[in-house]
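These notes are about the structure you will find just below.
The values are calculated or read from the model by the stated rules, or taken from the named source; none is laboratory data. Predicted, not measured: the structure shown is a model, and the values here were computed from it. Cβ: placed from backbone, ideal geometry, glycine included. Neighbour counts: every protein chain shown. Areas reflect the complete protein model, heavy atoms only, side chains present, ligands, DNA and RNA absent. Shrake-Rupley method; radii C 1.70, N 1.55, O 1.52, S 1.80 Å.
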Amino acid sequence: MADVAVIVPTLRRPESLERALRSLFGQTGVADRVAEIVVVDNDPLGSAAALTESLRAISPWALVYRHAPAPGVATARNAGLSATAAPLIAFLDDDEAAEPGWLAALLKAQQETGADAVFGPITGRAPGAEPWLEAYLERFFGRAGPERTGLIAEPHGCGNSLMLRATALPGPEPFDVAADQAGGEDDALFAALAARGGRFGWAADARVEEFAPAHRATLKYALARAFAYGQGPSQTAAAAKNWPGVARWMLIGAAQAAVWGVGAAALTLIASPRRAELYDRTARGVGKMFWMKGLEPHFYGSRELDRLNRAAG
């Protein structure tokens, strides 16, 4: 029974997109489960159309191209959902490559746990990063979890995930387009799912690699993301009008920023590579304090397109 669609949003990363798609073509143990692979091209110029067409002949399943010309991460995910009626939705980012047993492992974990959304581990890769930053960046872009498959208390991001459409992705546009530029569309989605009593699962064998592009494999980018991650708990509490919760997270953030900031300064004086980890923790603490709307860094949509245009010269 073909009941799974894999959605791959992309924005001007032809080499990465081809690597991601070829990894999907090599999936094992799911020949009768995949309904289609949906490529969502978020470039206004439709730059992924030719590559998608060139790979269609070697795809073992239907390869669907959907153009979502308004750049934005939530818009792209919603467009992918509109292109398929499959009841199970897997997401793979265009900078990821899945191991051959990836999708089978996600499906098995979902069946075993009954979770509404299942996530798998990610091995980060940062080719071209400064040597002292490489280990930190590979951890930053990676994702660790339990050694065994099972239910987990907290969700992860959409990259490398499988969701039950009926419960985890309700309505025609479940991703909030207000998050198109800054991201966090999955945070809001999963917070709402948890409030409805939804469950999260971990697929220990559903492994992918994530290759950070050159413009992201930098300390500046990682710390901006760390700051945004730090904003998450405070923003979630504020959205629920839980003002004591907001105050609590701000106090936690102030303590983290103070403690880790001192440690970061000390390690900077001796040029220790470990200072990057403490910069990260400090940034997350600062984010908890400065969570207010308008202070979110923008990583997606038109800002990402601008970065790509500058990188191309």
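Helix 243-269 and the long axis of the chain differ in direction by around 70°, with both axes built from C-alpha atoms. Relative to the longest principal axis of the Cα atoms of the chain, the long axis of helix 185-195 lies at roughly 90 degrees. Shown is the FRET efficiency for D176 and I270, computed with R0 = 51 Å from the Cβ-Cβ distance and rounded to the nearest 0.05: 0.70. Residue order by solvent-accessible surface for M289, M1, M163 is M1, M289, M163, largest first, with ligands and nucleic acids left out and a 1.4 Å probe. Working note: 222 nm ellipticity from helices only, DSSP H runs with n ≥ 4, each -39,500 (n - 2.57), summed and divided by the residues of the chain, gives -14000 deg cm²/dmol to the nearest 500.
Electrostatic bookkeeping for L278 treats Lys and Arg as +1 and Asp and Glu as -1; over the other residues with beta carbon under 15 Å from its beta carbon, the sum is +3.
With every protein chain present, what accessible area does L189 have (1.4 Å probe, heavy atoms only), rounded to the nearest 10 Å²? Here the accessible area works out near 10 Å².
Restricting attention to region 1-121, close to 0% of DSSP beta bridges with both partner residues there are antiparallel. Counting heavy atoms of the protein chains alone, Y136 has an accessible area of about 10 Å² for a 1.4 Å probe. Given a 1.4 Å probe and the protein chains as shown, S16 ends up with an accessible area of around 20 Å².
Just reorder I152, I58, I37 by solvent-accessible area, largest first, 1.4 Å probe, all chains present. Numbers along the way, then the final one.
Numbers: I152 35, I58 90, I37 0 Å².
In descending accessible area the options line up as I58, I152, I37.
Across A168, A182, A266, mean-square fluctuation computed from a Gaussian network of the chain (C-alpha pairs under 10 Å connected) peaks at A266. Placing dummy labels 7 Å off each Cα toward the beta-carbon, the span from R22 to S47 is 2.0 nm.
Near E185: Cβ cut-off under 10 Å, other residues only, Lys/Arg at +1 and Asp/Glu at -1. The net charge is -3.
The C-alpha atoms of the chain define a longest principal axis, and helix 102-113 lies at about 80 degrees to it. Among beta bridges from DSSP that stay inside the chain, the antiparallel ones total about 35%. Each of P213, P9, A254 was placed along the dipole of the chain (beta-carbon charges, centred on the mean Cα), and the one lying farthest toward the positive end is A254. Of the residues R275, R66, R216, R148, ranked by 1.4 Å probe accessible area with the largest first, the sequence reads R148, R66, R275, R216.
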